[in-house]
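Quick note: the coordinates plus some simple rules give every number you see, no bench work behind them. All values derive from a computational prediction rather than experimental measurement. In this analysis, Cβ positions are derived from the backbone assuming ideal geometry, glycine residues included, and neighbour counts consider all displayed protein chains.
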Amino acid sequence: MIRFENVTKAYDRKSRPALERVTLEVDRGEFAFLVGSSGSGKSTFLKLVLKETRADAGAVYVAGQNVANVPSWRVPKFRRGIGVVFQDFRLLNNKTVFANVAYAMQVLGKSRSAIRREVPDVLKLVGLEDKEGRKPTELSGGEQQRVAIARAIVNKPGILLADEPTGNLDPTTSVGIMNILDRINQNGTTVVMATHDDDIVNTMRKRVIELEGGHIVRDEARAQYTSMIPIVPAAAAATDDDGAPRSRRARLSQGEPDPDVLPPRIERKTGNEVAR
Amino acid sequence: MRLAFILSEIGGGLRRNLSMVISVVLVTCVSLTFVGTAALLQMQITQMKGFWYDKVQVAIFLCSDTSNAPNCASGPATAEQKAGIQTLLNSAAVKPYIKSSVFESQADALKHFREQFANSPIKDTVTADQLPSSFRISLVDPQKYQIINETFSATPGVDSVIDQRKLLESLFTFMNAASVVAIGIAALMIVCAVLLIATTIRLSAQSRQREIGIMRLVGASKTVIQLPFVLEGVIAAAVGALLASAAVWAIATFFVQGFLAGQFKDTPFIAANQALYIGPLLLILGVALAAISSSVSLRRHLKV
């Protein structure tokens with residue numbers, strides 16, 4: 001469904017490329033997590049899939065089509081096959097929940113009867129059937145994200161991209177969102193989700209693609225993820241009895257230092273300075 | 001459905017930056033009113049030229065008791081002198097240039113004078129022998145006045161040769177200058193209008209970044225995204241153009257027909273309904289300007 005062949009993307013010549021010779025394939029109906037620290041290239045990956053930006057080298061195939069060959073006037077139609085969900089929901093606060101979801105159909109010129117038929121179904125799928133008339137400002141964060149998901153899938157795209165959809169939500173709400181994404185995935189939609197949240201990755205046990213500095217450093221099915229820096233000496237001690245690394249949240253609760261307090265990119269940045 | 005959606009987007013956009021939209025309407029209205037006024041002036045000039053050039057003639061005034069030109073030293077023109085002029089008019093050298101010629105006697109001159117100054121007390125103080133008799137000549141080509149002048153100005157019994165067109169020429173020059181000024185002001189105002197429309201559309205697009213982002217993500221076509229913005233500018237400009245047409249029509253009706261025509265009774269003025277032809281032109285001009293400036297603005301500020 002999504003195939004990257006030796007894809008390199010640099011935003012400007014001087015700095016390190018955001019993605020470098022990345023090759024990977026996500027099959028139809030698959031659920032993949034895209035993990036890695038900020039700046040590892042997750043967002044660039046999603047942008048390349050959406051043809052928001054162009055690859056400098058290599059080829060990106062989406063639904064069997066090389067995106068480089070999609071002419072600019074065809075890009076809107078191309079994007080109708082992809083739903084996107086963001087960390088900050090991006091809802092229209094002056095419209096009701098129903099109108100927000102209907103908006104995605106209206107701009108494509110769908111008939112009023114189709115909208116009246118399909119929007120309630122989608123809202124039911126995300127569990128908001130009784131909140132149709134509310135404004136986003138009257139909803140909780142989790143509910144707002146569900147509206148955003150409903151809007152992303154109302155036109156039945158084959159692919160759903162989620163860019164840290166649980167980034168602004170508490171753990172319990174996040175679980176609800178993940179259940180919805182899982183249900184969407186089971187209906188046949190390919191889901192690619194970029195995230196930092198190790199708890200979620202570890203509970204879902206799906207394919208994990210880990211990026212670091214623009215390279216794929218790990219690609220495992222039914223895998224786990226720990227966002228801590230591997231060279232922390234305490235890491236050895238911080239394993240559970242079964243050998244799996246404990247989640248960051250668990251470590252934090254035991255009073256260990258939060259690795260995120262030290263920005264993980266510092267090391268790399270100095271490296272860059274030297275290189276320049 | 002898509003049409004309804006675009007219309008509702010336009011309505012929302014117009015409501016959201018109402019003050020900018022009003023200023024676009026006003027600036028377009030003022031600039032196009034100037035364009036319309038210049039057009040009215042030109043129509044008026046054409047009308048007057050057509051009217052006067054047919055009537056206006058070259059007049060060959062004969063010597064009378066009161067004339068003091070050197071040619072008239074021997075007193076009023078005699079009958080032979082008059083006949084000599086008549087012969088010259090019919091000669092092969094001059095004839096081809098003349099459409100028609102009429103002799104106006106002193107009595108005729110008095111009659112015309114009295115008609116012309118019917119409202120003035122001066123008409124009763126003038127007698128026939130104070131007015132010169134004259135040949136009134138219509139030329140085939142009014143530009144060839146010089147030939148008549150050269151032929152007749154030295155002929156005995158001729159006081160002077162006058163091209164009446166010369167008298168009107170200065171009036172037309174003045175009116176042309178006025179219309180050039182109007183066009184100049186209109187051009188400046190149109191620049192303002194174009195820039196203002198471009199700015200308004202840019203602001204409108206920026207205030208709807210979020211909607212635009214969502215439309216792009218769900219795959220709305222370029223037309224659906226851009227059309228509401230372009231139409232917003234076009235509608236504002238069209239309203240301005242309609243107001244300008246109304247203003248031009250009002251100028252033609254109330255100022256030209258209502259006031260000027262009453263003041264200058266024997267001048268042909270343009271009719272109010274002639275101003276109606278200007279309306280559609282202003283509308284087309286306004287809409288075209290808005291469409292061009294808003295699409296240029298969108299191309300620069302709205303990535304699709």
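Numerical summary
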read-out: Of the DSSP H helices in chain B, those whose Cα atoms cover at least 18 Å axially and whose Kyte score averages 1.0 or more; value: B:18-55, B:164-207, B:222-250, B:278-301
read-out: Dimensionless Rg ratio for the stretch B:56-165, taking C-alpha atoms and the 2.2 N^0.38 Å reference; value: 1.08
read-out: For chain B, built as a Gaussian network whose Cα springs stay under 10 Å, the top-fluctuating residue of B:MET189, B:MET215, B:MET20; value: B:MET215
read-out: Relative packing of B:66-75, B:116-125, A:48-57, which averages over residues the other C-beta atoms within 10 Å, highest first; value: A:48-57, B:66-75, B:116-125
read-out: Estimated dipole of chain B in Debye, rounded to 20 [Cβ of Lys and Arg +1, of Asp and Glu -1, Cα centre]; value: 2060 debye
read-out: Whole-angstrom Cα spans of the stretch A:1-146 along principal axes, big to small; value: 49, 32, 27
read-out: Size of electric dipole in the stretch B:56-165: Cβ of Lys, Arg +1 and of Asp, Glu -1, about Cα centre, debye, nearest 20; value: 320 debye
read-out: Sorted by Cβ density within 10 Å, fewest first, the residues A:ARG134, B:ARG299; value: B:ARG299, A:ARG134
read-out: Cα-projected label distance for A:VAL70 with B:SER207, points at 7 Å along beta-carbon direction, nm; value: 3.2 nm
read-out: Per-bin percent of Cα-Cα distances, the protein assembly as shown [10 Å]; value: 3, 12, 16, 14, 11, 8, 7, 6, 6, 6, 5, 3, 1, 0, 0
read-out: Fraction in percent of alpha-carbon pairs per bin - 10 Å, chain B; value: 6, 20, 19, 15, 12, 10, 8, 7, 3, 1, 0
read-out: Residue mean of other protein chain beta carbons inside 10 Å, B:221-229; value: 2
read-out: Positive-end residue of B:ILE6, A:GLN65, A:ILE149, charge dipole of the protein assembly as shown with Cβ unit charges; value: A:GLN65
read-out: Mean shadow area of the stretch B:223-296 over all directions, Cα convex hull, nm²; value: 5.3 nm²
read-out: Solvent-free Debye scattering, log10 I(q)/I(0), computed from the Cα coordinates of the stretch A:104-179 at q = 0.13, 0.19, 0.28 Å⁻¹; value: -0.40, -0.84, -1.43
read-out: Cysteines having no other Cys beta carbon under 4.7 Å from their own, within chain B; value: B:CYS29, B:CYS192
read-out: Estimated [θ] at 222 nm from DSSP helical runs (n ≥ 4, -39500 (n - 2.57)) normalised by residues in chain B, nearest 500; value: -21500 deg cm²/dmol
